[in-house]
Each structure stands twice: as structure tokens, then as C-alpha cells.
Amino acid sequence: MSTTHEPSSHLRQNGNGDSPSFAVPLEPRRTTWSDREGTEAELLLEREWLTANGLGGYASGTISGACTRRYHSLLIAALPAPLGRMVMFNHLAEEVKFADRRILRLDGDEPLSADEHRPAVPEEFVGQMSGEFALEAGLPVWRFRNGPVLIEKRVVLPHLQNTVLVSYKVVEAPESIRLRLRPSFHFRGHEAPVSGGIASPYTVAAMERRIEVRSDVAPPLRMFLVADHSSLVLDGGRSRTLHYRLERARGYEFEGTVWSPGYFRVDLEEGEEAVLVGSTEDWDTVLAVNPEAIFNSERQRRERLLCQAGLTHGGPFEQELVLAADQFIIRPNTRTADRAVAQAAGDDARTVIAGYHWFTDWGRDTMISLEGLTLSTGRHAEGGYLLRTFGRYVRDGLIPNLFPEGHKEGLYHTADATLWYFHALHRYLETTGDRSTLEQLWPTLRDIVAYHVRGTHYGIHVDPHDGLLSQGADGYQLTWMDAKVADWVVTPRRGKAVEINALWYNALRLMERWAGEFGDAAYAKELAGRAEQSANSFNHRFWNEAGGCLYDVVDGEQGDDAALRPNQLFSISLDYPILHASRWEAVLGKVKETLLTPVGLRSLAPGHPDYKATYDGDLRCRDAAYHQGTVWGWLIGPYVDAHLRVYPHDVAGARAALDGFVHHLSEACVGSISEIFDAEAPYHPRGCIAQAWSVAEVLRCLRKTDAAK
């Protein structure tokens with residue numbers, strides 16, 4: 001197996017039969033294999049792909065085609081609450097029959113034909129075709145070769161639709177082939193266990209070569225095949241069991257039943273194409289789909305994203321990250337009322353999916369990601385939508401921590417998300433000069449400060465004796481180190497946390513600046529006084545002389561916590577650093593020496609009694625390691641910022657900290673960046689396969705170091 005990154009020679013043709021001419025060079029990331037056995041089989045099962053629809057819906061799977069996660073599906077639709085995101089099109093078995101009666105499979109799964117052996121729980125896939133997987137403009141493409149036959153497969157989700165198109169084109173073939181496609185279904189929430197069973201019998205309505213699959217738990221799935229010489233065969237329905245090997249490894253239910261009403265069949269000659277369409281949209285929308293136009297328009301939309309980001313001549317690494325960033329910015333389709341309110345006010349709503357597959361939109365992740373996802377990519381208007389959207393959600397001085405799947409209301413148990421809101425707004429204003437947004441949000445910002453000073457939920461309050469921000473409540477994890485298993489809060493960090501106070505000081509200084517711009521001298525003076533008090537207290541209380549760095553928490557449940565964690569970097573990296581400049585180099589040096597890896601920062605230094613080198617096992621084991629050594633990709637952002645603040649002329653050194661992510665784009669979710677990694681070499685990727693703040697912070701730092709050259 002090999003992975004390369006080179007210009008494509010298989011660009012989709014336009015309607016005139018000519019190759020399209022794009023101003024932006026789009027270099028695909030390729031993975032090739034010669035067979036599906038041994039090591040190559042394992043790699044094809046481990047590497048995954050993802051494409052999203054801008055609503056929170058997505059399609060994802062392994063390169064092999066086998067389903068290994070509950071989230072693997074050709075269509076997970078983002079539906080209005082209370083449904084949320086639902087698995088609507090679980091699996092597609094793909095079979096090619098040749099004139100000599102040979103039958104080969106494209107999907108890397110068990111055979112379709114009734115006279116072939118069907119393993120009950122296939123542990124591995126087999127196949128007889130060599131192949132290639134590529135991301136072309138971020139879109140997944142497979143090419144399968146068997147002797148003189150070459151078949152190309154593509155998947156696309158039309159933007160802002162709960163629809164998927166899967167196309168098959170016979171690029172080379174000396175004679176006709178027959179393609180059989182059997183779709184399988186188990187309609188369920190994408191977080192639901194695969195073992196839940198099919199709640200009630202599905203009914204199927206067939207009209208010519210169209211089918212509509214109905215159930216009591218989801219809207220109908222509408223499906224048809226766009227092709228000449230095709231037919232639909234309804235064979236009475238068949239159930240089969242899928243084995244989800246990654247769910248088993250993660251300690252979850254791992255066997256589930258899917259059901260198929262039949263299959264589509266089409267005969268194809270060289271140069272011909274068939275496109276399978278599946279959708280939860282109404283029939284008028286579905287039948288209006290023009291596959292050729294959809295594929296071309298989606299590619300052109302992606303080209304516009306690169307042009308908007310100013311990457312007409314950018315490197316492939318940055319181009320890929322711009323396209324990866326697009327997957328996280330969504331219109332909140334599951335909360336239609338919120339969109340309606342925004343649009344009624346002449347605005348629009350946006351939010352950020354924190355990570356695929358299982359995260360929804362989180363306030364903290366959105367604010368940390370905002371600059372990299374929107375400002376570094378030229379999507380300034382959407383940055384404004386995000387800020388104003390979350391401004392409408394502020395309650396009692398807090399923005400939501402997260403919106404649970406399928407719910408209309410957010411949960412507010414966070415001490416830092418609201419403080420990151422000030423940081424994100426500042427970066428937005430610096431980039432756009434959008435004073436009207438600041439004026440609109442100003443009353444809300446003042447209200448947030450007031451609530452923090454006098455105290456709000458979860459023990460979040462300013463200690464009047466030292467001006468430091470304290471937080472903590474039994475049973476809650478309020479900082480970004482938020483692992484919790486049942487009633488066990490793994491890293492509670494109650495008290496005065498180092499990054500919380502760095503963020504609080506930064507917010508006070510920003511508010512002082514904005515108050516001055518509004519001509520409110522009295523309020524600006526009050527804010528300056530609070531900032532000075534907190535800075536003086538911080539530098540006195542947080543400095544750990546014995547360690548030559550900062551305490552992670554002071555005045556905590558167990559006193560002052562000297563655990564060496566990356567959180568102290570924020571005392572240097574934010575726009576208004578709270579730490580005295582004389583201590584910057586010592587703190588950065590300690591972090592670099594103990595926490596820096598090629599793919600981010602460890603969350604705890606090796607040698608600590610709670611340090612965990614690997615993130616693996618069931619939920620309890622994983623959460624015990626989540627912030628106890630596990631490497632977080634997004635932390636490379638504050639590291640680069642701190643490095644450039646301490647060594648402003650060492651741009652090359654800052655840029656070198658990003659090099660490890662180049663290789664990573666060929667593993668886990670190809671073309672994206674994982675949430676976390678093991679704490680020791682080889683730094684195996686873990687957690688979500690595509691994480692918003694990982695992508696955003698690496699992209700932001702790439703653009704920042706480019707600009708500083």
C-alpha cells in the first residue's frame with residue numbers, strides 16, 4: 001500500500017466532455033492497494049473518509065467499504081429536533097458481474113449472491129480488485145482495477161441537502177459489465193446502539209425504478225438509480241448482521257441488523273455511468289437532482305472556498321485544511337426556530353460541529369475554532385453569524401457549553417466557553433472592523449462581566465479578595481479538561497484554574513479597550529482596576545518557584561496543584577498575556593521540554609502518578625486517560641502563539657511545530673486532523689477522526705507563520 005499527494009489525472013469531465021479548467025490547483029491525496037489481504041486489509045479498515053452537507057449531516061466510512069463504527073453510513077441526515085442526526089442509509093453492497101460469470105465485490109464486505117458463503121460475523125474483508133482511494137477537492141473517489149476493467153466510484157452530498165449521490169463510471173472495459181447495488185437500512189439516531197433492532201417493519205413503496213422506504217421512527221428515505229438499462233429488483237426483503245469492530249474495541253454493542261428490500265441492477269459499457277441517489281428530501285427535490293450538475297457545482301463550490309481563502313497558489317497542506325474546515329461550519333438544521341429568528345432579523349445562523357462523528361456544536365470549541373475556520377479562510381460573514389448566533393444564546397452571563405443531540409436548548413455548564421467568546425470576537429473585529437456587531441453585542445458583553453463579578457451558576461465568581469476567577473460545583477466538569485464517567489469527574493480542577501484566569505484577564509482588557517472606544521471612561525477605568533488586581537494576584541499566586549513554571553490550579557480542593565499541564569501556556573499566548581514577561585521563557589521551555597510532540601501537546605507531563613501513555617479500551621479507561629497525558633492537536637495553536645511571543649524572529653521554529661500534521665492527513669480520517677493522539681510514539685490517532693479545533697488551530701498557525709515570513 002502506498003500514499004501519495006500529486007496532481008490528478010482523472011478530473012471529472014464537464015458536460016461537453018472536456019476536462020474542467022480550475023484556477024486553483026487541487027492536488028488529491030491518494031492511497032493505493034494491490035490486494036485486500038494482510039497488512040493492506042488492516043490499513044483499509046483503519047483509514048476513514050468523511051464528507052458533510054453543511055447542515056450537520058454527513059457520510060462516512062472506511063476506505064474498504066466495511067462498516068466498523070455505528071457512525072459509518074452513506075447518509076446521516078440532520079433532521080429537526082427531536083430527531084437530530086439519524087442514520088438513514090447504512091450500507092451499500094456493490095457487486096460487479098462479468099460476461100464470463102465472475103462476480104467481484106467493490107465494497108470489501110460479504111458477497112451478495114445467494115449461492116456464495118455468507119460469514120455471520122466477518123472479521124476481515126476479502127476482494128479481488130486492486131484499487132486506489134483519493135480525495136479530489138476533498139471529495140472521496142475510488143478506482144477499482146481488475147485486468148482491463150477500471151471502475152470509478154464517487155460520493156457527494158449536495159450542499160444544504162440531506163441527500164447522497166453515489167456514482168459508478170466504467171472508465172475502461174472491453175465488454176459490458178453488470179453492476180448490482182443492494183442498499184441496507186436501520187433507521188436510528190447516529191448515537192444509538194447498533195444492537196437496538198429495527199423498531200417496526202419497514203414498508204416499501206415502489207414506482208418504476210424508484211423506492212420509498214418508510215418507518216415509524218424517521219422520515220421516508222427516497223431512492224432511485226439514474227442510469228439507462230437499469231432495473232429494480234424487490235426480493236421480499238433480507239436481513240443481515242453487520243459486525244462493527246471498532247464499537248467492540250471501544251466497549252459498545254457491536255452487532256446490529258440491517259434490512260434491504262432488494263437491489264438495483266444496471267448494465268454498463270465503457271464510458272457509461274450510473275448514479276444512486278438517496279434522500280430524505282421531498283420527491284420534487286429528489287427528482288430535480290441532476291447528478292452531473294451536482295458533482296460539478298460541489299467541486300466549483302470548493303474551488304470558491306480556496307479562492308476565498310486566498311489560496312490560489314497556496315500549498316496543498318493549507319488547501320486540504322481549508323476544505324476540511326468547511327465540514328464543521330453548519331446551519332443549525334436541527335434547531336429550525338433559531339434559524340427563523342435570525343433570518344427574521346435580517347441575519348443568519350451558524351454554528352460549529354465540534355467533531356465527527358459524535359460531537360454536536362459546543363460553545364468552547366466554536367469560539368476556539370472561529371478564527372481558524374472562518375477568518376483564516378476568508379469566510380468573515382460566517383464568523384459574524386457565529387458570534388451573533390451565540391450572543392442570542394447567552395443566559396445568566398454564560399454561553400452554552402453544548403447543545404445535546406436532538407434538543408433545542410443548550411446546557412451551560414462551562415467556565416471557559418464564555419471567556420473564549422471575548423477572544424473570538426476580538427479576532428473577528430481585528431479582521432473585519434465590523435463595529436455594528438460589537439455595538440449589537442455590547443449590552444450582552446457588559447452583562448457577562450457583571451454576572452462573573454457577582455457570581456453566576458456552578459460557583460463561577462470573582463474572589464473579591466484577589467480579583468481571580470474561581471469556579472467549581474459538585475458533579476460538574478467546567479473547564480476544557482472535562483472528562484466525566486458517571487459520577488466520577490476525572491479532572492475536576494475546582495478552584496482558580498490557570499487558563500480560566502488568563503482568559504478572564506484577557507476579557508477584562510478587551511472590555512476596557514472597547515469601553516474606551518464607546519467613550520465610557522468610567523467603565524473603562526473600573527475594568528482596568530479589575531484587570532490590574534487579577535494580574536498582580538495571578539503573578540503572585542500562580543508562580544511555582546520549585547517547578548520553574550505555573551501551578552495548574554490554586555486554592556483548589558487539595559490546595560495548589562503543581563501538575564505540569566499545557567494550560568499555563570494561555571498566560572502567554574492570548575492577546576493580553578497575564579504572566580509577567582520575565583517568566584515567559586521559563587514557562588515555554590518547560591512546556592516544550594515535557595509536553596510537546598509532533599502532533600500537539602500532552603495534557604499531563606510524563607512522570608506524574610496519573611499519567612497515561614495510551615488512550616484505549618472501554619469508556620472508563622479512555623476517559624481516565626483523556627486529560628492525563630493524551631495529546632491534543634488543538635494545543636499546538638497556543639504553543640505556536642507563545643513561541644512567537646517569546647521568540648518573535650523564530651518563525652521557522654514555530655512553523656516546524658506543525659510538520660507532524662502533514663503525515664497525519666494520510667491516516668485516520670484522510671484529509672482531516674484527529675481530536676487526540678496517544679502520548680508516546682508512534683502517537684496513534686484517537687478520539688474523533690475529524691475535530692474542528694484541531695483543523696482550525698493548525699490552519700490558523702499555518703496562515704500566521706506564512707504572514708510572518
Cα-based convex hull, the chain, per residue volume (Å³, whole number): 152 Å³
Relative contact order of the chain, defined on C-alpha pairs under 8 angstrom at six or more residues apart (%): 11 percent
Set of the stretch 457-479 residues, backbone N closer than 16 Å to the point 7 Å along the Cα-Cβ line of Leu619: 477
Calculated FRET efficiency for the pair Ser200/Glu439, C-beta based, R₀ 56 Å, to 0.05: 0.55
Cross-link partners of Lys153 among lysines (Cα-Cα below 22 Å; sequence separation of 8 or more within a chain): Lys97, Lys169
18 Å reach of a label modelled at His159, 7 Å along Cα-to-Cβ, counting backbone N of the stretch 366-383: 373-383
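Working out 0.36 nm times the residue gap between Asp487 and Tyr647, then minus their Cα-Cα distance, what length gain in nm do you get to one decimal?
Values: separation 160, 0.36 × 160 = 57.60 nm, distance 4.37 nm.
Between Asp487 and Tyr647, full extension yields 53.2 nm more.
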Over the stretch 309-458, volume per residue of the alpha carbon convex hull, in Å³: 113 Å³
Spherically averaged projected area in nm², based on the convex hull that wraps the Cα atoms of the stretch 219-313: 11.2 nm²
Helical contribution to [θ] at 222 nm, DSSP H n ≥ 4, -39,500 (n - 2.57), averaged over the chain, rounded to 500: -9500 deg cm²/dmol
Span from the the stretch 134-200 Cα centroid across to the the stretch 383-445 one, whole angstrom: 38 Å
GluC sites (Glu not before Pro) within the stretch 547-655, DSSP loop, no more than 12 other Cβ atoms inside 10 Å: Glu557
Where N is the number of residues in the stretch 174-228, Cα Rg divided by 2.2 N^0.38 Å: 1.47
Label-point separation in nm, Arg102 to Ser297, each point 7 Å along Cα→Cβ: 4.0 nm
Placed amide H near Gly671: partners under 5 Å, 5+ positions off or other chain: Ser666
Fully extended contour minus Cα-Cα distance, from Ala546 to His608, at 0.36 nm per residue: 20.8 nm
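Throughout, read-outs are computed from the coordinates displayed, never taken from laboratory work. Keep in mind it's a predicted model, so treat the numbers as computed, not measured. Don't worry about glycine lacking a Cβ; one is built from the backbone with ideal geometry, like all the others, and counts go over all protein chains shown.
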